[in-house]
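The values are calculated or read from the model by the stated rules, or taken from the named source; none is laboratory data. Just so we're clear, the structure is a prediction, and the values are computed from it rather than from any experiment. Positions of Cβ are generated from backbone atoms using ideal geometry, with glycine treated the same way; all protein chains shown enter the neighbour counts. Surface accessibility is based on the protein's heavy atoms, side chains included, excluding ligands, DNA and RNA. Shrake-Rupley method; radii C 1.70, N 1.55, O 1.52, S 1.80 Å.
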Amino acid sequence: MHRLLWDVDTQVDFMLPKGRLYVPGAEETAPAMGRLVGAARATGLVHVASADDHELSDSEISREPDFSTTYPPHCLRGTRGARKVPETEQVEPVPLGLSAVPGDYLVGREFLLLKKHFDVFTNPHAERLIELLDPDEILVFGVATDVCDDAAIRGMLQRGRRVRFVEDAARGLDEARTARCLTAWREGGVEFSTVDEVLSLL
């Protein structure tokens, strides 16, 4: 089976307790995330990562955030908080912002989708990569389960893709909202696995 590893926003501002928009318990998942990325590297699995790439002028950034459509400043371009944690850092990714790039640049084993909005599909290269790579299954992990993971998985399902969520390599912001997301995903056909189960598949 042709699989794709999809890494959602494993950045310092989300993953570490001192981060600007810390997801509670996220740092506990870093070793599991590192195992996934290491296995992808060892087996030649393509690793697509999304990353917030904010500026203070972005519409998602607010001094009075509602934590639904707006959030406090986080993952600001050029700051340490925008960097990926060491466990998921890519070696030499192809960076893809919002601007169009020639198709011959979309070659490699690592891709970095930079985004201004929590929904990765606001970056047109997300859909383009999925169409180009055409995986039988997408393995999703990262943060936050109830925000960026949810937007990514819903987008994949809408595009008719088979999705497997790696439960022990993810954390949510809000417990009740996370539970609703998981229920909706199950109803949508998402498979749920642990890192150990995923590694046995690779």
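Here's the yes/no breakdown for (1) open to solvent by 50 Å² or more (accessible area, probe 1.4 Å); (2) over 19 Å from the mean Cα position of the chain (by Cα):
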residue	(1), (2)
ALA51	no, no
GLU60	no, no
SER68	yes, no
GLU87	yes, no
GLN90	no, no
VAL94	no, no
GLY103	no, yes
VAL107	yes, yes
LYS115	no, no
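Farther than 24 Å from GLU87 by Cα and of a type outside the set (Val, Ile, Thr): which single residue out of ALA170, ALA179, ALA144, ALA152 fits that description? Write out each step before concluding.
Values: ALA170 fails: farther than 24 Å from GLU87 by Cα; ALA144 fails: farther than 24 Å from GLU87 by Cα; ALA152 fails: farther than 24 Å from GLU87 by Cα.
From the options ALA170, ALA179, ALA144, ALA152, the qualifying one is ALA179.
Residues to consider are ASP134, ASP150; find the one that is modelled with pLDDT of 95 or more and in contact with a Cys (Cβ under 9 Å, 6 or more places away or on another chain).
None of the others qualify; the one that does is ASP150.
Which members of segment 183-202 meet the condition of being of a type in the set (A, V, I, L, M) and more than 19 Å from LEU36 (Cβ to Cβ)?
Across segment 183-202, the qualifying residue is only ALA184.
As an exercise: evaluate ASP168 against (1) in contact (Cβ under 8 Å) with a residue 40 or more places away in the chain; (2) of a type in the set (D, E, K, R); (3) touching a strand residue (DSSP E or B) at 6+ places or on another chain (Cβ under 8 Å); (4) not in a helix (DSSP H, G or I) and give the number of the one condition it does not meet.
(3)
Given the options ASP168, ASP136, ASP149, name the one that is of a type in the set (Asp, Glu) and either in contact with a Pro (Cβ under 9 Å, 6 or more places away or on another chain) or closer than 22 Å to LYS116 by Cβ (or both).
Details: ASP168 fails: either in contact with a Pro (Cβ under 9 Å, 6 or more places away or on another chain) or closer than 22 Å to LYS116 by Cβ (or both); ASP136 fails: either in contact with a Pro (Cβ under 9 Å, 6 or more places away or on another chain) or closer than 22 Å to LYS116 by Cβ (or both).
When all the criteria are applied, what remains is ASP149.
Just to check your reading of the model, which residue among ALA39, ALA26 is among the aliphatic types (A, V, I, L, M), touching a residue at least 60 places away in the same chain (Cβ under 8 Å) and crowded, with 20+ Cβ neighbours inside 10 Å?
Exactly one residue qualifies, and that residue is ALA26.
For segment 50-100, which residues satisfy the criterion of being hydroxyl-bearing (Ser, Thr, Tyr) and either at pLDDT below 95 or part of a loop (DSSP other than H, G, I, E, B) (or both)?
SER57, SER59, SER62, SER68, THR69, THR70, TYR71, THR79, SER99
Just wondering, is there one or more residues in segment 9-31 that are in contact with a Ser or Thr (Cβ under 8 Å, 6 or more places away or on another chain), assigned to a loop (DSSP other than H, G, I, E, B) and under 26 Å from ASP136 (Cβ atoms)?
yes
Taking LEU76 as the residue in question, decide whether it is over 16 Å from the mean Cα position of the chain (by Cα), of a type in the set (A, V, I, L, M, F, W, C), open to solvent by less than 40 Å² (accessible area, probe 1.4 Å) and farther than 21 Å from VAL140 by Cβ.
Criteria met by LEU76.
In segment 86-125, how many residues are over 22 Å from ILE61 (Cα atoms), touching a helix residue (DSSP H, G or I) at 6+ places or on another chain (Cβ under 7 Å) and in contact (Cβ under 8 Å) with a residue 24 or more places away in the chain?
4
So for segment 142-154 (the condition being touching a residue at least 40 places away in the same chain (Cβ under 8 Å) and either assigned to a strand (DSSP E or B) or surrounded by fewer than 21 Cβ atoms within 10 Å (Cβ to Cβ) (or both)), does at least one residue qualify?
yes
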